[in-house]
Amino acid sequence: MDPHYQHLYNILAHSQGYIFPNEIDLQWGILIVVYPFITGLVAGAFILASLERVFKVKILKPTYQIALLTALSFLLVATMPLISHLSQPQRAYEIMITPHSSSAMAIFGFVYLWYLMVVLLLEIWFDYRHSMVVWSNEKTGVMKWVYKILTLGVSDISPRTLKWDRKLGYIITVVGIPSAFILHGYVGFIFGSIKANPWWSTPLMPIIFLFSAMVSGISMVMLIYMIISYFRKKTIELNVLDSIGKFLFFVLILDFTLEGLDQIQRIYEAEESFEIIKLLVSSKLYLTLFVSQGLIGTIIPLITLAFLQFYKHQIKLKKTMYFIIGILVLIGVYSMRWNVVIGGQLFSKSFSGFTSFKVGLIGLDGTLMAAFWLLLPFGILAFLLWLLPPWKMVEEDSEE
Amino acid sequence: MGNEKIKTSRRKFLKSAGTLAGVTIAFQWLKSSQVLLFATEPKDENLPWYGIVIDIEKCIGCGSCARSCKEENDVPEEPFFFRNWVEQYTVKNDGSVDIVSPNGGIDGFVQRVPDEDIFKSFFVPKMCNHCAKSPCIQVCPVGATYDSPEGVVLIDEKYCIGCRYCVQACPYGCRFIHPVKKVANKCTLCYHRLKKNLAPACMEVCPTGARMYGNLRDKNSDLVKFLKEHTTQVLRPNLNTGAKLYYNALSSEVR
């Protein structure tokens, strides 16, 4: 028998109650869990970088370029899980050529391109142009030409031009903040606008996605900063961690409040889907929602972060705690994506039963593929850090 | 001084006129591209605007409709792909509801609830509701699913990218991904037959005449007459999908 059919027969045997016959086949698998997780990291990392630049949080300076390059690394991969989950990936370009104006998904390509080309690449370019010009003069051989090409031939490094670089970079950052908000708020809207699915359909969805994105991006940049410092044998500066930690604490509170509000509203209104959703969260999603997302990803980090605001001793312990919090928060946000994407498909739209989900290891939509798309950005980041090392950048004399 | 005043008021006028024009243009654009509000309306007055009636009181749960649909439309036999299926509802004396649809009802039904526990039992055939405000059409990112001029929701198989957003958006569970063609698939109201003035396969074979299709704009059609004489209801009316599949004697347990 066809393995796909065999898989569906297994699922059918594990379904509970009544589900519409077409619902046995769960449509969006692990790749669609990975996709909002990755775009969330992009938006979050960028917002952290913008914080340094626009709001002049000087203490975060060491993380600024790291955050930008992290955002770029993940953004470059963001479309891949989407494209590889399509049944007709060779037609993916149609979404750009003939977008359907009423479709939330159709706008993705444009939001993505705007963010990549106008915001991230330009900002990084303005940021690095001075250094790239200097590097292209210092280096020899291939690398000389690589940097030369990257400057796009703009080799003027007079103070006046550099001032313009900074000014334009600043403007792009200012434009970039709402862009980052739109990028991820929009991902939330893809789910939040599906009225057929009561687990998804809430106007809070874009905002919840946005705040969880910030939470995950901040944690990821914090972790990457610690890992880079470790490999470069540099001290991880505690005031940087404290500052990120404080920011993370406030955003996590907001995120937790919003998600809490969403659930309270759901429980209090108790619409027709209430019974099935109650069953869903108390059985199928119990571990990933209450334990993984709630306890591990939110409550424990919140308490620890609050504690770290006051705790001033044992610097090494504090750093370790920040590292662990970073990982826990990422686990929590990944679980949140899982709970939304998979959770929303586990119950039948008849509100009378459940299908089950079993992720395969291999194949285009298997765990290995998802792991590959999650790990690839780190490879890209390593390359970018080698190509554009933030620690070797030319120091500006007249910092604004 | 007077000149200055005129200048200011002229500037004000131009400003507000400009704003008004801008808002009007933006509104027109939004309206024409249906970005925010989504609905299809009949365009060609000479063409029918199809609606469907299913009379639950007449359905005997024989499953002929589901069987004939699979044969007519090249739908794989496996019990995970249906353009058309029948559900059996059994409301028990304790108020709980037992719903089944083994193999979409194709092989018929066996009542698994003991007679003494049954409060009432009935069959509900399901198929695409051919909504006028179809959530599935609204969300398709490339416009591969569309309304025919007769109001039948169709899919362009050569165009669908297989993103499955439409499957998620259909509140009735009427869509699936065709396992061989790898694109979205659903009931077409046997559009290929309609075009030859033939009834859809499911209606052709229904032994009790529980299914009916017709032109909603023709006030003398059997369909409109039926709608006039019976109290009908659409599924999930709260979702405002503009469903054009009307059920007679629909019980409140059905979703």
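The values are calculated or read from the model by the stated rules, or taken from the named source; none is laboratory data. Computed from a predicted model, the values in this text were never measured in an experiment. Here the Cβ positions follow ideal geometry from the backbone for every residue, glycine too, while neighbour counts run over all protein chains shown. When the accessible area is computed, the model is the full protein with side chains, heavy atoms only, and any ligands, DNA or RNA have been set aside. Shrake-Rupley method; radii C 1.70, N 1.55, O 1.52, S 1.80 Å.
Structure notes:
- Contact order normalised by residue count of chain B, Cα under 8 Å, 6+ apart, percent: 25
- Applying a length cut-off of 15 Å (Cα extent along the axis) and a mean Kyte-Doolittle floor of -1.0 to the DSSP H helices of chain B leaves B:2-33.
- Other residues with beta-carbon under 14 Å from the beta-carbon of B:His178 carry, at +1 per Lys or Arg and -1 per Asp or Glu, a net charge of +1.
- A Cβ-based charge dipole, computed about the Cα centre of the protein assembly as shown with Lys and Arg at +1 and Asp and Glu at -1, lands at about 2300 debye.
- Size descriptor for the range A:244-400, Kirkwood hydrodynamic radius: 19.0 Å (Cα pairs only, one decimal).
- Of every Cα-Cα pair in the range A:17-389, the percent that sits beyond 34 Å: 31
- Rounded to the nearest 20 debye, dipole of chain B from Cβ charges on Lys, Arg, Asp, Glu: 1880
- Shielding score for B:166-175, defined as the mean number of other chain Cβ atoms within 10 Å: 6
- Neighbour net charge for B:Asn93 - beta-carbon separation under 12 angstrom, K R +1, D E -1: -3
- Of all DSSP-defined beta bridges confined to the range B:39-255, some 85% are antiparallel rather than parallel.
- Choice from A:Ile227, A:Ile342, A:Ile24 with maximal GNM fluctuation in chain A (Cα, 10 Å cutoff): A:Ile227
- Among A:Ala67, B:Leu154, B:Cys62 - extreme Cα towards positive end, dipole of the protein assembly as shown, charges at beta-carbon: A:Ala67
- Cα convex hull volume per residue for the protein assembly as shown (Å³): 231
- With both labels modelled 7 Å from their Cα along Cα-to-Cβ, the A:Gln263 to A:Ile327 distance reads 2.5 nm.
- Choice from A:Leu387, A:Leu285, A:Leu374 with maximal GNM fluctuation in chain A (Cα, 10 Å cutoff): A:Leu387
- Given charges at Cβ of Lys, Arg, Asp, Glu: chain A dipole, positive-most of A:Gln16, A:Thr39, A:Ser243: A:Ser243
- Degrees separating the helix A:141-150 axis from the principal Cα axis of chain A, which is the longest one: 70
- Computed over protein heavy atoms with a 1.4 angstrom probe, the accessible surface ordering of A:Val281, B:Val86, largest first, is A:Val281, B:Val86.
- Counting all C-alpha pairs of the range B:39-255, share separated by more than 21 Å (%): 55
- Sorting B:167-179, A:7-19 by their mean Cβ neighbour count within 10 Å, with the most densely packed peptide first, gives B:167-179, A:7-19.
- The residues neighbouring A:Ile342, those whose beta-carbon lies less than 15 Å from its own, together hold a net charge of +1 under the Lys/Arg +1, Asp/Glu -1 convention.
- Considering the range B:158-233, its Cα convex hull presents a mean projected area of 7.3 nm².
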